[in-house]
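Colleague: Dropping a structure here in structure tokens format, bear with me for questions.
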Amino acid sequence: MERLQKVMARAGIASRRRCEEMIASGIVKVNGKVVTELGTKVDPYRDKIVVDGTPLIPSPRKIYILMYKPRGYITTLSDEKGRKKVTDLLRDVPERVYPVGRLDYDSEGLLLLTNDGDLTYALTHPRHQVPKTYLARVKGVPEPAKLEQMAKGLVLEDGPTAPARVRMLESREGNALLEITIHEGRNRQVRRMCDHIGHPVLRLKRTRFGNLTIGNMRPGQYRHLTREEVKRLKAGLKNN
């Protein structure tokens with residue numbers, strides 16, 4: 001619930017002060033009743049608000065969702081092959097949201113979805129260098145020199161990569177688990193980097209995006225970000 005004058009101002013009716021004057025003058029109705037008391041609380045998505053005979057159309061509510069994307073789902077909103085989309089997993093979200101960046105069909109892990117176009121643009125813009133951390137199970141066990149090469153930057157077919165943070169967490173049954181943090185958003189970048197050093201990815205999971213982490217979520221689960229999380233996410237962009 002929000003104050004009526006705030007809802008009106010955000011919808012572009014007028015300035016907050018002018019909206020207060022309009023309410024006091026008796027030209028605003030909520031659910032068919034004239035409202036003149038300033039500070040009246042309304043739900044812009046459920047209450048019918050009419051200003052001087054014209055229904056108010058609320059600005060879209062901003063939605064921020066953190067999802068554990070399972071393997072076998074695409075992050076685009078349409079697919080000529082008819083494959084499952086990450087938005088198919090959203091059961092109680094009437095708003096239309098879009099993935100921030102992408103995560104491969106065969107990859108899993110943290111995916112942010114929102115209808116906040118400005119934030120999406122900022123999070124994916126190279127200038128902000130938003131860090132993304134992955135766990136990559138790779139074939140074989142890379143030598144330290146190869147990991148150092150990856151960390152300093154590789155020359156791929158679409159140009160050199162920026163320095164990355166790379167460390168080996170374990171080796172098991174002849175394969176290694178790497179933790180890789182990059183600040184770019186190229187298509188299938190982590191997979192291509194691992195291919196380049198001769199250790200292709202067997203399984204890839206994104207665990208962190210900016211200051212958001214996957215925590216103990218399971219594939220297919222999702223939750224709305226808290227106001228504090230959104231605030232910290234935006235603050236992190238200002239500090240880059």
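Here, each number is a calculation from the coordinates, and none is a lab measurement. These figures come from a predicted structure and were not determined experimentally. As a convention, Cβ positions derive from the backbone with ideal geometry for all residues, glycine included, and neighbour counts pool all protein chains shown.
Colleague: What's the Cα-based Rg to Rh of the chain, Rh via Kirkwood?
Modeller: 1.13
Colleague: A follow-up question, please. Lys/Arg Cβ at +1, Asp/Glu Cβ at -1, dipole of the chain taken about the Cα centre: which of Leu38, Leu113, Leu212 is farthest positive-ward?
Modeller: Leu38
Colleague: Quick one: which of 143-149, 208-214 comes out on top by average Cβ neighbours within 10 Å, and what's the full order, highest first?
Modeller: Sorting 143-149, 208-214 by mean packing, highest first, produces 208-214, 143-149.
Colleague: Something else: About its Cα centre, how strong a charge dipole does the chain have in debye, to the nearest 20, once Lys and Arg get +1 and Asp and Glu get -1 at the Cβ?
Modeller: Dipole magnitude for the chain comes out near 300 debye.
Colleague: Still on this structure, I have one more. Pop a pseudo-label 7 angstrom from the Cα along the beta-carbon direction at both Met217 and Glu148 and give the gap in nm to one decimal.
Modeller: Reported label-point gap for Met217 and Glu148 is 3.7 nm.
Colleague: If you don't mind, another one. Any idea what the relative contact order of the chain is, in percent, if you count C-alpha pairs under 8 Å spaced at least 6 apart?
Modeller: Result for the chain is 19 percent.
Colleague: Turning to a different aspect of this structure: Lysines within cross-link reach of Lys231: Cα-Cα under 21 Å, excluding same-chain residues under 8 positions apart?
Modeller: Hits, sequence-local ones excluded: Lys6, Lys62, Lys132.
Colleague: Sticking with this structure for a sec: State to the nearest 20 debye the size of the charge dipole of the range 131-209 about its Cα centre, where the only charges are +1 on K and R beta carbons and -1 on D and E beta carbons.
Modeller: With Lys and Arg at +1 and Asp and Glu at -1, about 340 debye.
Colleague: Give me the one-decimal nm value for the distance between modelled label points at Tyr45 and Tyr121, 7 Å along each residue's Cα-to-Cβ direction.
Modeller: It is 2.4 nm.
Colleague: Identify all aspartates and glutamates with a Cα-Cα distance to Lys139 below 17 Å; exclude those on the same chain that are fewer than 8 residues away in sequence.
Modeller: Excluding near neighbours in sequence, the set is Asp106, Glu170, Glu173, Glu179, Asp195.
Colleague: I'd like the distance separating the alpha-carbon centroids of the range 161-222 and the range 74-115, in whole Å.
Modeller: Centre-to-centre (Cα) distance: 19 Å.
Colleague: Can you pull a Stokes-Einstein diffusion coefficient for the range 108-213 at 20 °C (1.002 mPa s), Rh from Kirkwood over Cα pairs, as a whole number of µm²/s?
Modeller: Translational D for this selection: 150 µm²/s.
Colleague: What's the magnitude of the charge dipole for the range 13-113 around its Cα centre, counting Lys and Arg as +1 and Asp and Glu as -1 at the beta-carbon? Answer in Debye, nearest 20.
Modeller: Magnitude of the dipole: close to 40 debye.
Colleague: Right, here's the next one. Within straight cross-link reach of Lys48, meaning Cα distance under 16 Å, which aspartates and glutamates are found once same-chain residues fewer than 8 apart are removed?
Modeller: Glu2
Colleague: Now, a different point. Let me check against my output: what whole-number percent is the relative contact order of the range 131-209, with C-alpha pairs under 8 Å and at least 6 apart?
Modeller: Computed value for the range 131-209: 47 percent relative contact order.
Colleague: Another question, then. Got a sec? Charge dipole of the chain, +1 on Cβ for Lys and Arg, -1 for Asp and Glu; which of Ile13, Asn187, Leu225 is way out at the positive end?
Modeller: Leu225
Colleague: Below 12 angstrom from the Cβ of Val166, what's the summed charge of the other residues (Lys, Arg +1; Asp, Glu -1)?
Modeller: The answer is +2.
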